[in-house]
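Written out below as structure tokens is the structure these notes cover.
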Amino acid sequence: MKTLIINAHPDPHSTYSATNRMVKHLLTKLPVGSTEIVNLAETKQPSLDKAVLDIFIKTVFRQEQPTAEEAQHFAGIQANVAQFKAAPRLVIAYPMYNFGIPARLKDWIDSIVVPGETFRYSANGNPEGLLTTHKALILQASGGVFSEGGRAAMEHTVPYLQDVLRLLGFASVDAVRAEGTTKAIIGLDAAVAKACADIDAKMDVFTH
């Protein structure tokens, strides 16, 4: 079963990064050759700018054929959607920045939420996800602790990603956090070790 790994760390080759260390650990738990890794820092991602929005409205909502120039402009979104749909298992790995996800990850998310491809509107206008057999694992790294305590209300990234993927019909969207990496009482190594143990505990649900 294919697993698509979206790594949104700005330096996907850093051995210090908690994000990359979680990804490396996860790879040891998956069959060789079953994964496809996309390092967003090394790819050009489509942005949801005016040109793309105009093409989106024309082709998706008005059901009109795009011009050759428009089709070329929309090719990045189509490629992301095809890659995304072809992998029944998805991993999104990222560091939390300023209580949010990295900008490149937001661009990627915007490119795979496409009516008629990953979800559809029902007769009464409600969205219905089309990827009902897909599962996801979110790997988040943060310097502070946001899963509980006084800062919990500031943590918007995991709920946001879970909501988006559930909108698309995902059967499960689980999350693992390497948090408190800059805290003296926790530290990077301990935070990563705990996160890797959490990954191990979730692998059975994720892979089946």
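Quick check on the range 56-74: of everything there that is modelled with pLDDT of 85 or more and aliphatic (A, V, I, L, M), which residue is nearest to R120 (Cα to Cα)?
This residue is I57.
Taking the residues in the range 68-96 that are out of contact with any helix residue (DSSP H, G or I) (no Cβ under 8 Å at 6 or more places or on another chain) and not in a helix (DSSP H, G or I) as candidates, determine which candidate is farthest from T207 (Cα to Cα).
That would be A86.
Given the criteria acidic (D, E) and either open to solvent by less than 40 Å² (accessible area, probe 1.4 Å) or in contact with a Gly (Cβ under 7 Å, 6 or more places away or on another chain) (or both), does E155 qualify?
So E155 fits the description; yes.
I'm trying to understand the selection: among the residues of the range 1-27, which are part of a loop (DSSP other than H, G, I, E, B), open to solvent by 40 Å² or more (accessible area, probe 1.4 Å) and more than 18 Å from W108 (Cα to Cα)?
M1, K2, H13, T15, Y16
Tell me yes or no: at least one residue of the range 160-171 is touching a helix residue (DSSP H, G or I) at 6+ places or on another chain (Cβ under 7 Å), open to solvent by less than 10 Å² (accessible area, probe 1.4 Å), under 21 Å from V205 (Cα atoms) and of a type outside the set (K, R).
no
With the structure loaded, tell me whether Q65 is out of contact with any helix residue (DSSP H, G or I) (no Cβ under 6 Å at 6 or more places or on another chain), surrounded by fewer than 12 Cβ atoms within 10 Å (Cβ to Cβ) and outside any helix (DSSP H, G or I) or whether it fails that test.
yes
Of everything in the range 28-57, what is open to solvent by 60 Å² or more (accessible area, probe 1.4 Å) and either part of a helix (DSSP H, G or I) or over 24 Å from D107 (Cα atoms) (or both)? Give them in sequence order.
T28, K29, P31, V32, G33, E42, K50, L53, D54, I57
The values are calculated or read from the model by the stated rules, or taken from the named source; none is laboratory data. Worth saying up front: this structure is predicted, and the values here are computed from it rather than measured. Here Cβ is always computed from backbone atoms with ideal geometry, including for glycine, and neighbour counts include all displayed protein chains. To get the accessible areas, we keep the full protein, side chains included, count just its heavy atoms, and leave off ligands, DNA and RNA. Shrake-Rupley method; radii C 1.70, N 1.55, O 1.52, S 1.80 Å.
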